[in-house]
Amino acid sequence: MTAQSAGPVINPDRVLIFDTTLRDGEQSPGASLNVEEKLTIARQLARLQVDIIEAGFPFSSPGDFDAVQRIAAEVGTPNGPTICGLARARKEDIKKAAEALEEAAKWRIHTFIATSDIHMKYKLKKERPEVVAIAEEMVAYAKSFTNDVEFSPEDAGRSDPEFLYEVLERAIAAGATTVNIPDTVGYTTPDEFGALIRGIKQNVPNIDQAVISVHGHNDLGLAVANFLAAVQNGARQLECTLNGIGERAGNASLEELVMALHVRRSFYNPFFGHAPESEAPLVGVNLKEIYRTSRMVSQLTGMIVQPNKAIVGANAFSHQSGIHQDGMLKNKLTYEIIDAQTIGRTENQIVLGKLSGRNAFATRLKELGFELTETELNKAFVRFKDVADKKKEVSDRDLEAIVNDEIRQAPKLYHLEHVQVSCGNQSIPTATVTVQMPDGVECTNAAIGAGPVDAVYQAISQIVGIENELVEFSVQAVTEGIDAIGEVTIRIRHADTVFSGHAADNDIVMAAALAYVSALNRLAAALQTEGKRNPQTEVVAIG
Ligand code: KIV
Ligand code: ZN
């Protein structure tokens, strides 16, 4: 393998957006994605124009290796984003990452080792000098594959700053071109995090040879505020995820960071040496793709966006109170600091109907950024016709729901063939379902339940026979109106692992049944394959 990738511009006059939705985001319980889903999201991240995509942790499983390799080959074009793979500070991890990434035009290895006393003592069981030596050696090893190497001292937020300065200096000397400062447990406050970045700038002698990056979790709800304080003190790469998904309370949210830097540009400009009124963008992201990307990530990961979520939540731009509505009618700026269209939240555009043909359907999907194979397109068109029969006007949002639902279907071990329910205030809710089993045999069963959805679950569960506990069930309407498509997301737990299922249909009982079968399919597929490693919590010898 030859060294390639020039590496980042060390002193960018804007912030680099490093998206880790496909790596840290995917570490959220129940958010796991298959290869096709990851590719779909990666293509959309490229349209969003993030600078770097952390596509996964190639050593974790053959599936993750495959996903990173395909993203590198397909999305890592010369004008596209840099593709990055995570590796613990171990030769095996780093080599695997390089193998997965080498097809990309620009690629980066991100290697890490913990530097806080608590992590070194209990997780690594290593002393400080050993950790510094490993960091140095592994950065140099990564550098033998690519010029673009990122190093993270895990749990930097709780590490001794003096020790951190030493580790960072040695990592940069060994070839790291980005040093990433993680607040792994979301413990710091904005003032503290800003001061930590300032301290690094002042005390690491060779810091001008690397981009300072930040990574942080939202355990105290401070991740975005911490990052903005870091930007004021010299951080120029932000590691974030769509909708803020990620381990525990999640990561800093991409849409919040990007919009804060965009809307409050005049406040942040001076920290970049720009005049306050400068119009030069502080991020390279295509703002118009934010909303679509958020919806895609939510639909494919099954991680629902709370209605009051900043920027992308359903209520973020709706005004309930009479006073607000009156003000809005007189002048939108009275209560609105962002025009919804800036992030691509257009009025619910009605584009297609019952009479629209396959060409119009395919063209609109292309315009929406979906690249489907012929088979996927045919399947999605059948679904579209079905929806258009029941719903007069099919909007872009409906189309997104249909297509994401189609992509989300794999793997199909169990197939729902037939659902029939009877319910009402005078009858016991009863469901009859037919499921095609992995061996092709069709099984039919009837069950009663507390309501029609429960009856369907009981009937399916009795056929499939895989023990699980329902931990979340949610229904959302894709658009307004009585004929709206309903999206159901469910999460089930089996032996401490959560699996999610998502489906969309005009009939919500049907959507619920499909969502349950989809979650069961994920569970059943996971039982057949080797589990995926968590890069941070798996106990393994480092070095
Ligand atoms: O939270 C964290 O510290 C991480 C590292 C692997 C960067 O995700
Ligand atoms: Zn993290």
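The values are calculated or read from the model by the stated rules, or taken from the named source; none is laboratory data. These numbers come from a predicted model, not from an experiment. Glycine gets a Cβ as well: all are built from the backbone with ideal geometry, and neighbour counts include every protein chain shown.
What do you reckon, is Ala87 in contact with a helix residue (DSSP H, G or I) (Cβ under 8 Å, 6 or more places away or on another chain), within 16 Å of ligand 2 (Cβ to nearest atom) and modelled with pLDDT of 95 or more? Taking the combined requirement at face value, the residue satisfies it. Close contacts from region 68-82, counting a first residue that is surrounded by fewer than 17 Cβ atoms within 10 Å (Cβ to Cβ) and a second that is of a type in the set (A, V, I, L, M, F, W, C) and part of a helix (DSSP H, G or I), with Cβ to Cβ under 9 Å and a gap of 6+ residues or different chains, come to Thr77/Ala46.
All conditions in (1) within 16 Å of ligand 2 (Cβ to nearest atom); (2) touching a His at 6+ places or on another chain (Cβ under 7 Å) hold for Ala280, with the sole exception of (1). A single member of Arg128, Arg108, Arg158, Arg170 is within 16 Å of ligand 1 (Cβ to nearest atom), more than 23 Å from the chain's Cα centre (by Cα) and of a type in the set (D, E, K, R), and it is Arg158. Listed by first and then second residue, the pairs linking a residue in region 166-184 that is within 15 Å of ligand 2 (Cβ to nearest atom) to a residue that is part of a helix (DSSP H, G or I) and not charged (D, E, K, R), with Cβ atoms under 6 Å apart and 6 or more places separating them unless they lie on different chains, are Ile181/Ala156; Pro182/Ala156; Asp183/Gly157. Can you spot a residue in region 27-50 that is within 18 Å of the chain's Cα centre (by Cα), part of a loop (DSSP other than H, G, I, E, B) and within 18 Å of Ala105 (Cα to Cα)? Yes, region 27-50 has at least one match.
For residues that are within 14 Å of ligand 2 (Cβ to nearest atom), without any contact (Cβ under 8 Å) to a residue 60 or more places away in the chain and of a type outside the set (D, E, K, R), scanning just region 211-240, find the one that is nearest to Glu169 (Cα to Cα). In this case the residue turns out to be Val214.
Checking each residue in region 111-125 for being surrounded by fewer than 24 Cβ atoms within 10 Å (Cβ to Cβ), within 16 Å of ligand 1 (Cβ to nearest atom) and either hydrophobic (A, V, I, L, M, F, W, C) or more than 28 Å from the chain's Cα centre (by Cα) (or both) picks out Asp117, Ile118, Met120, Tyr122, Leu124. Pairing residues of region 291-302 that are farther than 22 Å from Phe499 by Cβ and touching a residue at least 60 places away in the same chain (Cβ under 8 Å) with residues that are crowded, with 24+ Cβ neighbours inside 10 Å and acidic (Asp, Glu), at Cβ distances under 9 Å and at least 6 apart in sequence or on separate chains, gives Thr293/Glu255. Exactly one residue out of Gly284, Gly273 is out of contact with any helix residue (DSSP H, G or I) (no Cβ under 8 Å at 6 or more places or on another chain) and at positive phi, and it is Gly273. For region 23-46, the condition holds for at least one residue, the condition being that it is β-branched (Val, Ile, Thr), away from ligand 1 (no atom under 16 Å from the Cβ) and closer than 30 Å to Tyr268 by Cβ. Contact map, region 442-464: first residue under 9 Å from Pro429 (Cβ atoms), second residue among the polar types (S, T, N, Q), Cβ cut-off under 7 Å, separation 6 or more or different chains; pairs are Ile448/Thr430; Gly449/Gln458; Ala455/Thr430.
A quick yes/no check of all residues on (1) at pLDDT 90 or above; (2) surrounded by 14 or more Cβ atoms within 10 Å (Cβ to Cβ); (3) in contact with a Pro (Cβ under 9 Å, 6 or more places away or on another chain):
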{"residue": "Asn269", "(1), (2), (3)": "yes, yes, yes"}
{"residue": "Ala280", "(1), (2), (3)": "yes, no, no"}
{"residue": "Val283", "(1), (2), (3)": "yes, yes, no"}
{"residue": "Arg292", "(1), (2), (3)": "yes, yes, no"}
{"residue": "Ser321", "(1), (2), (3)": "no, no, no"}
{"residue": "Tyr335", "(1), (2), (3)": "no, yes, no"}
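A search for C-beta distances below 7 Å between a residue of region 261-287 that is part of a helix (DSSP H, G or I) and any residue that is surrounded by 14 or more Cβ atoms within 10 Å (Cβ to Cβ) and of a type in the set (S, T, N, Q), counting only pairs 6+ apart in sequence or on different chains, returns Asn269/Ser278; Phe271/Gln232; Leu287/Thr342.
Matching residues to (1) surrounded by 22 or more Cβ atoms within 10 Å (Cβ to Cβ); (2) closer than 24 Å to Val478 by Cβ:
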{"residue": "Leu228", "(1), (2)": "yes, no"}
{"residue": "His274", "(1), (2)": "no, no"}
{"residue": "Ala310", "(1), (2)": "no, yes"}
{"residue": "Ala314", "(1), (2)": "no, yes"}
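Within region 70-128, if we keep just the residues that are touching a strand residue (DSSP E or B) at 6+ places or on another chain (Cβ under 9 Å) and among the aromatic types (Phe, Trp, Tyr), the residue that is farthest from Leu48 (Cα to Cα) turns out to be Phe112.
On the stretch given as region 248-267, residues that are within 16 Å of ligand 1 (Cβ to nearest atom) and surrounded by fewer than 21 Cβ atoms within 10 Å (Cβ to Cβ) total 2. Looking across region 498-515, the residues that are in contact (Cβ under 8 Å) with a residue 40 or more places away in the chain and under 22 Å from the mean Cα position of the chain (by Cα) come down to Val498, Phe499, Ser500, Gly501, His502, Ala503, Ala504.
Conditions (1) on the phi < 0 side of the Ramachandran plot; (2) more than 16 Å from ligand 1 (Cβ to nearest atom); (3) buried (at least 21 other Cβ atoms within 10 Å of the Cβ); (4) not in a strand (DSSP E or B), marked per residue:
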site	(1), (2), (3), (4)
Arg493	yes, yes, no, no
Ala512	yes, yes, yes, yes
Tyr516	yes, yes, yes, yes
Asn534	yes, no, no, yes
Thr537	yes, no, no, yes
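For region 9-31, the candidate set comprises residues that are away from ligand 2 (no atom under 16 Å from the Cβ) and at pLDDT below 85; within that set, the residue that is farthest from Thr177 (Cα to Cα) is Gly30. The residues of region 213-226 that are within 12 Å of Phe193 (Cβ to Cβ) and more than 13 Å from ligand 1 (Cβ to nearest atom), listed by number, are Leu220, Leu222, Val224, Ala225.
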